[in-house]
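Trainee: Okay, here's the structure, questions in a sec.
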Amino acid sequence: MEMNRIASLQSKWFIEFERNNVHNIYDRIAEHFTKTRYRIWPGVEQFLRQRSPFDTVLDVGCGNGKNLISHNHNLFCIGIDRCVPLVRTCKERQLETAVADMLELPFQSEKFDVVLCIAVLHHLCTRERRILAIQEMGRVLRQGGSCLLYVWAAEEKNGKDDVKNTKAREKMRFLDESKQEALIPWVMIEHEKKTKATQLEDTVQHCTLERYYHLYRQGELEEECLQSNCFHIQHSYYEQSNWCVVLNKKK
């Protein structure tokens, strides 16, 4: 198992694919991402409100830190992310964060009472790597601790196979026949100052970048969590085009 883990972590193909289609993209869109992603999802907020006082919380893939600004002020929250500009934003907000990979969390085992991973797991490009990430989250979570995962859903809420009709998803490019591996556009608005004759003009340019997503079918996230052999499933639900699962670490 350990040899398989090392091979997966070190695979040049996977590393290059995720670097080009996930990591580099977030580095470029980080500023725009922060301006447009500022509301905590209701299910995440409710989950955090239900935690016990003084619980330690790890947010894996914390982005701009919106989930770390907890509505339960008795929690001690730490975040990690691969994106340096987003971690820099978190630090400017006086949030405890570090640059790290979700497949190699820089924490000792059973360190945290709670782990969040909100809209991040789907950026890993193979099932094996996603299961390894779930196992790594299980490693740093204490026995009996709680974990909340959100991933993009392939289905609409009514269960149809068609993806939700949003602007981004309308223009996604599928990489496979099953329509689960996709490149989803992010449109950035860039302002550029140009001098024309004696006047300074502010021109607006639209730049479209594509991020890789694995779109989850109903029940697929639960299967990966069970295959990690770390968790019991407490319950699952659907929220805002995401499949979500609440887990408890096995004792």
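Trainee: Somewhere in region 121-133, is a residue small (Gly, Ala, Ser) and assigned to a loop (DSSP other than H, G, I, E, B)? Break it down into steps so the answer makes sense when it comes.
Mentor: Keep residues of region 121-133 that are small (Gly, Ala, Ser), which gives 133.
Subsequent filtering for residues that are assigned to a loop (DSSP other than H, G, I, E, B) retains none.
Among the residues of region 121-133, not one is small (Gly, Ala, Ser) and assigned to a loop (DSSP other than H, G, I, E, B), which makes the answer no.
Matching residues to (1) within 21 Å of Trp41 (Cβ to Cβ); (2) at pLDDT 95 or above; (3) open to solvent by less than 80 Å² (accessible area, probe 1.4 Å):
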| site | (1), (2), (3) |
| --- | --- |
| Arg142 | no, yes, no |
| Leu148 | yes, yes, yes |
| Lys171 | no, no, no |
| Glu190 | no, no, yes |
| Gln205 | no, no, yes |
| Tyr216 | yes, yes, yes |
| His232 | no, yes, no |
| His235 | yes, yes, no |
| Cys244 | yes, yes, yes |
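Trainee: Inspect region 47-66 for any residue being modelled with pLDDT under 95, open to solvent by less than 70 Å² (accessible area, probe 1.4 Å) and in contact with a Pro (Cβ under 8 Å, 6 or more places away or on another chain) and give the result as yes or no.
Mentor: no
Trainee: Same structure again: It is to be established whether one or more residues within region 40-50 are among the basic types (Lys, Arg) and farther than 19 Å from Ser241 by Cα.
Mentor: Checked region 40-50: at least one residue is among the basic types (Lys, Arg) and farther than 19 Å from Ser241 by Cα.
Trainee: Which residue is modelled with the lowest pLDDT, if the candidates are limited to region 173-188 and must be assigned to a strand (DSSP E or B) and either among the polar types (S, T, N, Q) or open to solvent by less than 50 Å² (accessible area, probe 1.4 Å) (or both)?
Mentor: Result: Met188.
The values are calculated or read from the model by the stated rules, or taken from the named source; none is laboratory data. None of the values given here were measured: they were computed from a predicted structure. Note that each Cβ is placed from the backbone with ideal geometry, even for glycine, and that neighbours are counted across all protein chains shown. For accessibility, only protein heavy atoms count, side chains too; no ligands or nucleic acids. Shrake-Rupley method; radii C 1.70, N 1.55, O 1.52, S 1.80 Å.
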